[in-house]
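Peer 1: Following this message is one structure expressed as structure tokens.
The values are calculated or read from the model by the stated rules, or taken from the named source; none is laboratory data. The model shown is predicted, which means the values in this text are computed figures rather than measured ones. As a convention, Cβ positions derive from the backbone with ideal geometry for all residues, glycine included, and neighbour counts pool all protein chains shown.
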């Protein structure tokens with residue numbers, strides 16, 4: 001029988017809780033853990049999930065369903081990695097993982113460390129760190145099981161670098177410098193990555209469109225980019241391997257962050273098999289991230305005139321329902337950047353139903369909504385901490401033994 005748990009991270013309070021999504025009851029948890037929010041939560045299949053602890057400098061792999069089923073405490077692995085965690089990815093089996101490092105509290109790029117982990121190495125989990133290039137790199141793990149590669153997206157200057165995973169794991173300690181095959185002359189403003197293992201294609205969101213790269217060989221090969229077909233650009237991509245679609249929200253006006261209430265937003269869905277792209281307007285304001293349900297796309301929009309949760313049908317992009325969300329006392333303010341000392345909303349959704357969770361940052365509240373029923377009431381769950389910055393959410397399922405999307409979200 002398939003089981004599901006909702007992951008609720010309060011990175012400011014240093015806690016992780018795993019909730020039964022229908023009752024809202026916490027069934028397992030971790031303390032003194034600072035989730036690397038940008039790297040997000042990565043499902044590894046079989047109910048396992050991974051995330052970076054920016055406080056302890058480790059990759060945490062946890063099986064909360066063990067505790068949920070009454071078989072003792074949740075099984076936890078802590079594997080050393082370089083921090084601050086910027087991006088997190090795994091191979092299609094969930095055995096190998098890669099972590100890149102970001103800026104942290106620095107305004108200038110400073111850390112050039114890439115960590116690769118083999119969770120099933122003889123003798124126990126093995127991690128190695130190498131020096132590549134400082135910045136805010138994205139990463140995916142591509143290739144065949146016999147020849148896996150960490151494919152890194154660099155910025156300023158833009159480039160795509162492909163490093164042999166085995167070459168990284170074969171390095172000794174003390175963070176040896178290691179460079180891979182380099183594709184230069186790539187856009188500088190890449191932000192948002194997805195990977196399709198079936199075709200070996202890396203997708204990167206840039207200002208000019210959706211960049212596509214064939215990363216099956218050691219040297220990445222560029223494919224023609226796809227235009228966004230609507231105003232703005234994406235900063236965050238989601239890949240659904242079951243429906244074989246890419247989903248994004250395009251933001252127009254992002255170059256004026258203090259004018260965020262007038263940012264326009266557009267839902268963008270691209271079918272990999274047919275090449276068809278569909279778009280739908282989402283209104284003005286701040287849309288940070290979104291979530292995929294079994295049949296829809298859930299979007300939480302923050303605006304001075306009122307925050308709303310909307311659900312659109314994935315196939316048609318028709319609006320199924322719309323809910324008003326309780327206001328946040330410390331919400332983003334007009335005239336200030338939305339990331340400037342303000343609470344926001346995190347969102348997650350069940351992959352097998354239409355249940356959606358959205359946070360009320362700063363209030364220690366989580367709203368659960370059955371979006372299959374337009375007009376269904378919000379059910380509020382109170383969390384232990386305040387969820388400043390909105391916290392972070394993830395949804396775990398035991399339905400598949402292997403990962404789906406191989407990039408942390």
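Peer 1: Only residues that are outside any strand (DSSP E or B) and either at positive phi or touching a residue at least 40 places away in the same chain (Cβ under 8 Å) (or both): list them for segment 136-154, please.
Peer 2: 136, 137, 145, listed by residue number.
Peer 1: Ok, one more. Looking at this structure, is residue 243 on the phi < 0 side of the Ramachandran plot and surrounded by fewer than 21 Cβ atoms within 10 Å (Cβ to Cβ)?
Peer 2: Taking the combined requirement at face value, the residue satisfies it.
Peer 1: Next up: Would you tally the residues in segment 95-124 being within 16 Å of the chain's Cα centre (by Cα) and either under 16 Å from residue 143 (Cα atoms) or in a strand (DSSP E or B) (or both)?
Peer 2: 5
Peer 1: Which of (1) touching a helix residue (DSSP H, G or I) at 6+ places or on another chain (Cβ under 7 Å); (2) touching a residue at least 60 places away in the same chain (Cβ under 8 Å); (3) over 27 Å from residue 242 (Cβ atoms) does residue 398 not meet, given it meets every other one?
Peer 2: Unmet for residue 398, out of (1) touching a helix residue (DSSP H, G or I) at 6+ places or on another chain (Cβ under 7 Å); (2) touching a residue at least 60 places away in the same chain (Cβ under 8 Å); (3) over 27 Å from residue 242 (Cβ atoms): (3).
Peer 1: A further question follows. Only residues that are surrounded by 15 or more Cβ atoms within 10 Å (Cβ to Cβ) and not in a loop (DSSP other than H, G, I, E, B): list them for segment 224-240, please.
Peer 2: Scanning segment 224-240 gives 225, 226, 233, 234, 235, 236, 237, 238, 239, 240.
Peer 1: Quick check: is even one residue across segment 70-88 in contact with a helix residue (DSSP H, G or I) (Cβ under 9 Å, 6 or more places away or on another chain), part of a loop (DSSP other than H, G, I, E, B) and within 24 Å of residue 405 (Cα to Cα)?
Peer 2: Taking every residue of segment 70-88 in turn, at least one turns out to be in contact with a helix residue (DSSP H, G or I) (Cβ under 9 Å, 6 or more places away or on another chain), part of a loop (DSSP other than H, G, I, E, B) and within 24 Å of residue 405 (Cα to Cα).
Peer 1: Do we have any residue at all in segment 287-295 that's touching a helix residue (DSSP H, G or I) at 6+ places or on another chain (Cβ under 8 Å) and closer than 16 Å to residue 191 by Cβ?
Peer 2: yes
Peer 1: Limited to segment 351-361, what total is found for residues that are crowded, with 24+ Cβ neighbours inside 10 Å, within 16 Å of the chain's Cα centre (by Cα) and in a loop (DSSP other than H, G, I, E, B)?
Peer 2: Adding up the residues that qualify gives 0.
Peer 1: Within segment 155-169, work out how many residues are touching a residue at least 24 places away in the same chain (Cβ under 8 Å) and surrounded by fewer than 17 Cβ atoms within 10 Å (Cβ to Cβ).
Peer 2: Residues in segment 155-169 being touching a residue at least 24 places away in the same chain (Cβ under 8 Å) and surrounded by fewer than 17 Cβ atoms within 10 Å (Cβ to Cβ): 2 in total.
Peer 1: While we're looking at this one, here's another question. Report yes if residue 51 is more than 15 Å from the chain's Cα centre (by Cα), buried (at least 18 other Cβ atoms within 10 Å of the Cβ), part of a strand (DSSP E or B) and at negative phi, otherwise no.
Peer 2: Against the criterion (more than 15 Å from the chain's Cα centre (by Cα), buried (at least 18 other Cβ atoms within 10 Å of the Cβ), part of a strand (DSSP E or B) and at negative phi), residue 51 does not qualify.
Peer 1: While we're looking at this one, here's another question. Confirm whether residue 130 is closer than 18 Å to residue 57 by Cβ, at pLDDT 95 or above and surrounded by 13 or more Cβ atoms within 10 Å (Cβ to Cβ).
Peer 2: When the stated conditions are applied, residue 130 passes them.
Peer 1: On to the next question. Of (1) modelled with pLDDT under 95; (2) touching a strand residue (DSSP E or B) at 6+ places or on another chain (Cβ under 8 Å), residue 255 satisfies all except one. Which?
Peer 2: Going through (1) modelled with pLDDT under 95; (2) touching a strand residue (DSSP E or B) at 6+ places or on another chain (Cβ under 8 Å) one by one, residue 255 breaks only (2).
Peer 1: Does segment 185-196 hold any residues that are modelled with pLDDT of 95 or more and over 14 Å from residue 135 (Cβ atoms), and which are they?
Peer 2: Listed by number, the residues that qualify are 192, 194, 195, 196.
Peer 1: In addition: Suppose we filter 177, 220, 197 for residues that are in contact (Cβ under 8 Å) with a residue 40 or more places away in the chain, touching a strand residue (DSSP E or B) at 6+ places or on another chain (Cβ under 8 Å), surrounded by 14 or more Cβ atoms within 10 Å (Cβ to Cβ) and over 23 Å from residue 409 (Cα atoms); which single one remains?
Peer 2: Matching residue, one of 177, 220, 197: 220.
Peer 1: Has segment 317-326 got at least one residue that is buried (at least 20 other Cβ atoms within 10 Å of the Cβ) and in contact with a helix residue (DSSP H, G or I) (Cβ under 6 Å, 6 or more places away or on another chain)?
Peer 2: no
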